[in-house]
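Presented below is the structure to which this report refers.
The values are calculated or read from the model by the stated rules, or taken from the named source; none is laboratory data. Fair warning: this is a prediction, and the values are worked out from it, not measured in the lab. No Cβ is skipped: glycine too gets one built from the backbone with ideal geometry, and neighbour counts run over all protein chains shown. Note: accessible area is taken over every heavy atom of the protein model, side chains too, but ligands, DNA and RNA are not part of it. Shrake-Rupley method; radii C 1.70, N 1.55, O 1.52, S 1.80 Å.
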Amino acid sequence: MESTFVIVTKVLSSAAIPLIIFTIIVIAAIRKVKVYEEFVEGAKEGFTTAVRIIPYLVAMLVAIGMFRASGAMDILTKAISPLTDALGFPSELMPLAIIRNLSGSGSLGLMTDIMKVHGPDSFLGRLSGAMMGSHETTFYVLAVYFGSIGVKRVRHAALAGIFSDVVALVMSVILVKWLFP
Amino acid sequence: MLNYIWLGLIVVAIFVALGRDIREESNDRFKNGHAIGLEYAPGGLKPAGPNHFAGTAFLTRSAIAKLYGSDETKGMKSDTLLFPLDLLQSQTNPHVGALTMSIPTGAPPILADVAAAGGDATKIIGQARFDAAAFSAAGNMEFTPPSVHFRILAKVANDGILKIADTAVSLALGLIGVMALWLGIMKIAEAAGLVLLLAKLVRPIMTRVFPDVPHDHPAMGAMVMNMTANFLGLSNAATPLGLKAMEELNKLNSHAGTATNAMCMFLTINTTALTLVPATVIAIRLTMGSTNPTDIIMPTFLATLVSLILGVAFTRFIQRFFPIQGEVPQQA
């Protein structure tokens, strides 16, 4: 049985994009904007923006790819597991916590795997979902956003991003433990 | 900072790969050049053409332990490993041939590693010595897998470097369509004055978080649009709008190539990913048979809210320690 909330969520997620586009275009038309011409004018930038981020994306993803392929990721996970165990963080989720910042598809695969093994309604299943939903692939965002405008010196952005991710991680553990005792 | 992270990832990766490879070489983990004993049942191998046999054979736990050591058999679930094989007999010497062993599930990791090192993780192609006349009865044959050297460095080169470089480009090119669409829609919204309207609504908050950005600057509108898209879980729309916002923020940048305070703040807000509905997670939990897939909305939302607030405060606090090069840091 699907609750009303699930249904509303589903309707919203499938209707949101068409509705937003519809609203914007209709209001613009009423305000006598030349919608077609404006759209084409804006869309022109799509190609150049996408191409501009390629070098930054290659640089970042290759470094992360090498790190994972060499097995250094697994060693890192094992090395810090005593620390996380002491803090009450389940060691099964350590790889997810690290990869979540590096690769979106990689972490999605890990989360699916954890839910498959432990069940989506278990503590680990819920926590992996909350971690997945409350984190962003920080390094991808850094590479793409700064890459698009050619910024190479990112100053405190990386540190601030990592800080927010750690806060989200700690909060996920606390909240899932508290809300689903 | 990114310089160090980038360098660190690559240097550590190479050192770890090299270290593991050297350890495997010095232990001779793969027993290069040595043969393992395969066994077959009566009628297990049948002629499949001239000089060609196919069928199934098996490896026992003790045969694997004899060659590779008993540690390597720990991953085996049963004592025998049944697998399909394909045998091409040499035209000049009927007792030797090329043997293709398909790796079944439940194979010990060492066999999977040998296969992966050969380029195809599903099979091992090596040399076999056998007596084809005896295939009607049970028997065994010697199988020499290909030698394996520096497999982890090779894996880093293939999976970590070449494949990923390719992926990165297709990822970027794959963005073109969605990017064009949302930048087009954004342009319409801008021309209709909608972006400005949205920016006006949240002006009190935005001017406090971004004190360096004039309240009527187009960057404000673009950032608000990006945050709205993120909040609604429309990640497809969020990236193009975010890139647009960065472009606008860069127009206020007097040091090309260096991030401004406003850019770092915007990035922090983006990485905290304040989302009302984490749609992907809910969809996956639904397919896994969760009784209430949306029950993670609350913890997710609260966790991101806290990380957003603390992240913004932290970013504001540390920006003074990262002065823009060539400028005296501002006294707080």
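List of remarks:
- Packing-based order for A:57-67, B:102-112, using average beta carbon neighbours within 10 Å, highest first: A:57-67, B:102-112
- Note on segment B:185-332: Kirkwood hydrodynamic radius from all Cα pairs is 16.8 Å, rounded to one decimal.
- When Rg and the Kirkwood radius Rh are both evaluated on Cα atoms of chain B, their ratio Rg/Rh stands at 1.18.
- Per-pair calculated FRET efficiency, R0 = 41 Å: residue A:113 and residue A:153 via Cβ, rounded to 0.05: 0.60
- Kirkwood's formula applied to the C-alpha pairs of segment B:217-263 gives a hydrodynamic radius of 10.8 angstrom.
- Cross-link pairs beyond the 26 Å C-alpha cut-off, checked among A:34/B:244; B:200/B:251; A:78/B:66: A:78/B:66
- Sequence-separation-based contact order of chain B, relative, with Cα cut under 8 Å and 6+ spacing, percent: 12
- Theoretical FRET efficiency, 1/(1+(r/R0)^6), r = Cβ-Cβ of residue A:29 and residue A:170, R0 35 Å, to 0.05: 0.15
- Cut-off 11 Å between beta-carbons: net charge of the residues surrounding residue A:70, Lys and Arg +1, Asp and Glu -1: 0
- Working from the Cα coordinates of the protein assembly as shown, the gyration tensor eigenvalues give, after taking √(5λ), semi-axes of 53, 25, 24 Å in decreasing order.
- Förster radius 30 Å - calculated FRET efficiency between residue B:159 and residue A:91 (Cβ-Cβ, nearest 0.05): 0.75
- Solvent-accessible surface of the protein assembly as shown, taken per residue with a 1.4 Å probe and all protein chains present: 48 Å².
- Percent of Cα-Cα distances greater than 21 Å, calculated over segment B:179-249: 16
- Placing +1 on the Cβ of every Lys and Arg and -1 on the Cβ of every Asp and Glu, with nothing else charged, gives the protein assembly as shown a dipole about its Cα centre of roughly 840 debye.
- Annotation: amide H-H contacts under 5 Å for residue B:127 (H modelled 1.01 Å from N, sequence separation of 5 or more, or interchain): B:99, B:144.
- All aspartates and glutamates inside 16 Å of residue A:44 as judged from Cα atoms, apart from same-chain residues fewer than 8 positions distant: B:190, B:247
- The overall shape of chain A is oblate: from the C-alpha gyration tensor, with semi-axes ordered a ≥ b ≥ c, the ratio a/c is 1.5 or greater and a/b is no larger than b/c.
- Among the residues of B:276-289, the average count of other protein chain beta-carbon atoms within 10 Å of the residue beta-carbon is 6.
- Average beta carbon contacts from partner chains per residue of B:17-23, 10 Å cutoff: 2
- Compared with the dominant principal axis of the Cα atoms in chain B, helix B:297-318 is inclined by about 60°.
- Label-point gap, in nm, between residue B:54 and residue B:202 - each point 7 angstrom along Cα→Cβ: 6.1
- In chain A, the calculated helix contribution to ellipticity at 222 nm averages -26000 deg cm²/dmol per residue, counting -39,500 (n - 2.57) for every DSSP H run with n ≥ 4.
- In order along segment B:252-267, the Karplus-derived 3J(HN,Hα) couplings, from 6.51 cos²θ - 1.76 cosθ + 1.60 at θ = phi - 60°, round to 8, 8, 8, 10, 4, x, 10, 6, 8, 4, 4, 4, 4, 4, 4, 5 Hz, and Gly and Pro are given as x.
- Rolling a 1.4 Å probe over the protein heavy atoms leaves residue A:126 with an accessible area of roughly 40 Å².
- Taking each DSSP H run with n ≥ 4 as -39500 (n - 2.57) and averaging over every residue of chain B yields -16000 deg cm²/dmol at 222 nm.
- Taking Lys and Arg as +1 and Asp and Glu as -1, the other residues whose beta-carbon sits under 13 Å from that of residue B:104 total +2.
- Taken one residue at a time, the phi angles of segment A:84-91 give Karplus couplings (6.51, -1.76, 1.60, θ = phi - 60°) of 5, 4, 4, 8, x, 8, x, 5 Hz. Gly and Pro are set to x.
- Relative contact order (percent, whole number), segment B:189-290, Cα cutoff 8 Å, 6+ residue spacing: 26
- Other residues with beta-carbon under 10 Å from the beta-carbon of residue B:259 carry, at +1 per Lys or Arg and -1 per Asp or Glu, a net charge of +3.
- The B-A contact accounts for approximately 8400 Å² of buried accessible area, totalled over both chains at a 1.4 Å probe radius.
- Centre separation in Å (Cα based) which lies between segment B:36-65 and segment B:298-317: 61
- Remark: mean inter-chain Cβ contacts per residue of A:47-56 equal 6, using a 10 Å Cβ-Cβ cutoff to other protein chain atoms.
- As computed over segment B:33-147, the Cα convex hull volume per residue (Å³): 96
- Under the criterion of Cα pairs below 8 Å and six or more residues apart, the relative contact order for chain A equals 21 percent.
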